[in-house]
Amino acid sequence: MSDALLSVRDLSVEFTTYGRTQPVLHGVSLDVPARSHVALVGESGSGKTVTMKSIMGLLHMPPASISSGAILYDGRDLLTMPRRERLKLTGTDMSMVFQDPMSSLNPVFTIADQMSTILKYADRRLGRSRSRRERMQRVLEVLAQVRMREPERVARSYPIMLSGGMRQRVLIAMALLSEPRLLIADEPGTALDVTTQAQILKLLKDLVEERGLALLMITHNLGVVRETSDYVYVMHKGVVVEEAPTAELFAAPKVAYTRALIDAVPRLTGARPAERTEAAP
Amino acid sequence: MEFLRFLLRRVLWSLLVLVGLSMVIFIIARAVPGDPARMALGPTATQEQVADLQKKLGLDRPIVEQYGLFVVGLAHGDLGRSLLTERPVNDDIRDTFAATLELVLATIFIAVVCGVPLGVVAAYWKDRWPDNAVRLVAIFSAVTPSFFLALLLQILAGYVLHILPTTGRLPPNFDFAPGYTGLVLVDSIIAGRPDAFLEGLRYLLLPAISLAAATMGQMARITRSSMIDVSSQDYIEASRAFGVPEWVRVCKYMLRPSFVPPLTILGLEFASLIGNAFVVELVFAWPGMAAYGIRTILQKDLNAVMGVVMVSGVFFVLVNLVIDLLVGLVDPRVRIRGSRQ
Ligand SMILES: Nc1ncnc2c1ncn2[C@@H]1O[C@H](COP(=O)(O)OP(=O)(O)OP(=O)(O)O)[C@@H](O)[C@H]1O
Ligand SMILES: [Mg+2]
């Protein structure tokens, strides 16, 4: 399995607050091969976001500290490589789709401004250079790729002028700016209504398939797992308790915890209208 | 569009407030014991002379009528005649207002240019020593009365160290007087007189610093808490994940959304700033509205009192209008919706 694009090996993370050290991840291991669609599922507080932040180098240390383990990307350990090298990968070759479209965009800058700023510094880290015009062109290109109907208008807009679904598309576009090979999505669209969320998941899936990207989908929703992944890791209290190809997991969950998750969660897409209204808040 | 409506609403409100202000001051000024005519003429004047002057000033008419006459004058931009200087109040105020304006503008400049960066520094090094230092400075400058600071600075910089002048606006018998705008710093540039600019600056420094300290402390405090608020927002975390460098995140992504609260506070603080300006002007013998305003109040020079109050009120309203515009410029949410959130 060492040829996986992303390989988290035996990762343990703890938080120290007010002198008390509390382990949060206990030897988590997972693999995301190139072009594969992997899901990480677990209830709230199980450590999914902490896993994602460790991978993306977003943990605030302190209070967090990584007590053991390795995170291999392309065979190189992100945790031991020089910071400069790591910054060349995060946000560019491995990129994030953020969860909350309402709060993940800066309210006082236009979409174009925010996207081209990201692109500018990504280019700089990678030693590339692009003129302002070329950057703008790339921004519009990516906005069109996420099926935005009027990219120019969206680019000129402030977040407040866009609907939730459109903002979530912008967040996806941001992740695609530097042509990543790995997308990590932490509960994308959970803040949206069910119909829009389904559209967003469909879009994400299409994009990932079209461009042959690897996807690590982080969610607490097994309906989302079924729709978007081929392989799934189930996490509980900072431990991966079960892993299996998605179909197998649904057919024959081995662990009681997984069984409970499957029973608890209604299906998301393909739901009949009656079920849909039921599921909506 | 929404923003225009928002501004229009603010202007209408301000006008209403100004009308209210004029009534309240008018009534208070007349309710205070003491006869303006008697005070103007002195104890030796006869009863007939006093009655004559009262009649001339319209003081014998009902107060509603007096107010009506005042408003009619105001609508024509005429504030009437001062009993004290026996000149039109308009002229008296024009001569003194520019000095006050220059002092106040310099104060706002210092408060913002020093206060906001201090707040940024404090927020960036939250709970570390720069933060503690800034917080200490902010508290001290906020609780030190400006007249006390003014005296302190005057003694220290003027009499002990002899580095800055302590009274006036320009050296005595200086061959330069502000013309076009009435502001020494601006007019000296227009006139191509760098020496006058420097002199003006030297004289302006102490009064402006004394007056700015309290507001600067407020700016630093508000900017700090606002920055800390914004720093925990998802969009800041997101820009970190996308590899936007730290200084861009702090100075652009965090600062701009943090800028509205300090601006708003500046608008609110402005009223007490004008009040403090009067005190500071007296300490530094700054030829602004203060000395005039206080003399007229003591003398019950009714027209002049009303004039000073109304000009201060309009000044307050205008500054707040400019701040509203700036807020709209900084935060598109205000521009688009006419409000935040
Ligand atoms: N900054 C922190 N300080 C202390 N403990 C933390 C911190 N961040 C996370 N934790 C702890 O780590 C555990 C895992 O949190 P995490 O956010 O990864 O859960 P999650 O699986 O993403 O849950 P959710 O589905 O609600 O997003 C939680 O028990 C939480 O208390
Ligand atoms: Mg989470």
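For the reader, a short list of remarks on this structure follows.
- The criterion of being near ligand 1 (Cβ under 7 Å from one of its atoms), open to solvent by 50 Å² or more (accessible area, probe 1.4 Å) and under 21 Å from residue B:238 (Cβ atoms) holds for residue A:49.
- Residue match in the range A:176-186 (condition: among the acidic types (Asp, Glu), surrounded by 18 or more Cβ atoms within 10 Å (Cβ to Cβ) and closer than 26 Å to residue A:226 by Cα): yes
- The listed residues are B:172, B:165, and the only one of them that is touching a residue at least 24 places away in the same chain (Cβ under 8 Å), part of a loop (DSSP other than H, G, I, E, B), of a type outside the set (S, T, N, Q) and on the phi < 0 side of the Ramachandran plot turns out to be B:165.
- Take the conditions (1) crowded, with 20+ Cβ neighbours inside 10 Å; (2) modelled with pLDDT under 85; residue A:61 misses just one of them, which is (1).
- Count of residues meeting criterion [open to solvent by 20 Å² or more (accessible area, probe 1.4 Å) and either among the hydroxyl-bearing types (Ser, Thr, Tyr) or within 16 Å of ligand 2 (Cβ to nearest atom) (or both)] in the range A:89-100: 3
- Residue in the range A:56-79 that is within 13 Å of ligand 1 (Cβ to nearest atom), outside any strand (DSSP E or B) and away from chain B (no Cβ under 14 Å) present: no
- Listed by first and then second residue, the pairs with beta-carbon distance under 6 Å, at least 6 apart or on different chains, first residue in the range A:176-197 and within 13 Å of another protein chain (Cβ to nearest Cβ) and hydroxyl-bearing (Ser, Thr, Tyr), second open to solvent by less than 10 Å² (accessible area, probe 1.4 Å) and within 16 Å of ligand 2 (Cβ to nearest atom), form an empty list.
- Lone unmet requirement of (1) more than 10 Å from chain A (Cβ to nearest Cβ); (2) touching a Lys or Arg at 6+ places or on another chain (Cβ under 8 Å) for residue B:240: (1)
- Single condition residue A:23 does not satisfy, out of (1) at negative phi; (2) of a type outside the set (A, V, I, L, M); (3) within 16 Å of ligand 2 (Cβ to nearest atom); (4) away from every other protein chain (no Cβ under 14 Å): (3)
- Candidates B:330, B:334, filtered to the one that is within 14 Å of chain A (Cβ to nearest Cβ) and open to solvent by less than 20 Å² (accessible area, probe 1.4 Å): B:334
- Selection within the range A:101-116 - open to solvent by 40 Å² or more (accessible area, probe 1.4 Å) and at the interface with chain B (Cβ under 9 Å from one of its Cβ atoms): A:102
- Residue check, residue B:116 surrounded by 15 or more Cβ atoms within 10 Å (Cβ to Cβ), more than 17 Å from residue B:35 (Cα to Cα) and β-branched (Val, Ile, Thr): yes
- Leading residue by the ranking (farthest from residue B:156 (Cα to Cα)) among those in the range B:186-234 that are touching a residue at least 40 places away in the same chain (Cβ under 8 Å) and of a type in the set (D, E, K, R): B:224
- Scanning the range B:287-319 for residues that are outside any helix (DSSP H, G or I) and modelled with pLDDT of 85 or more returns B:287, B:288.
- Extreme residue, nearest to the other protein chains (Cβ to nearest Cβ), among residues of the range B:291-327 that are out of contact with any Leu (no Cβ under 8 Å at 6 or more places or on another chain) and under 19 Å from residue B:8 (Cβ atoms): B:322
For (1) away from ligand 1 (no atom under 16 Å from the Cβ); (2) open to solvent by 50 Å² or more (accessible area, probe 1.4 Å); (3) touching a Pro at 6+ places or on another chain (Cβ under 7 Å), each residue gets a yes or a no:
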residue	(1), (2), (3)
A:4	yes, no, yes
A:9	yes, yes, no
A:16	no, yes, yes
A:22	no, yes, no
A:31	yes, no, no
A:41	no, no, no
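- Candidates A:190, A:196 - the one that is modelled with pLDDT under 90 and either buried (at least 18 other Cβ atoms within 10 Å of the Cβ) or in a helix (DSSP H, G or I) (or both): A:196
- Test: residue B:132 is polar (S, T, N, Q), free of Cβ contacts under 8 Å to residues at least 40 places away in the same chain, part of a helix (DSSP H, G or I) and surrounded by fewer than 19 Cβ atoms within 10 Å (Cβ to Cβ): yes
- Within the range B:279-308, being in contact with a helix residue (DSSP H, G or I) (Cβ under 6 Å, 6 or more places away or on another chain) and surrounded by fewer than 21 Cβ atoms within 10 Å (Cβ to Cβ) holds for B:279, B:282, B:287, B:297, B:299.
- Residues of the range B:213-236 satisfying the condition of being farther than 30 Å from residue B:106 by Cα and either within 24 Å of the chain's Cα centre (by Cα) or more than 7 Å from every other protein chain (Cβ to nearest Cβ) (or both): B:231, B:232, B:236
- Considering (1) open to solvent by less than 30 Å² (accessible area, probe 1.4 Å); (2) within 16 Å of residue A:235 (Cβ to Cβ), the lone condition that residue A:73 does not fulfil carries the number (2).
The values are calculated or read from the model by the stated rules, or taken from the named source; none is laboratory data. Source: prediction; values computed, not measured. Neighbour counts are summed over all protein chains in view; Cβ atoms, including those assigned to glycine, are modelled from backbone coordinates with ideal geometry. Surface areas here come from the heavy atoms of the whole protein model, side chains and all, with no ligands, DNA or RNA. Shrake-Rupley method; radii C 1.70, N 1.55, O 1.52, S 1.80 Å.
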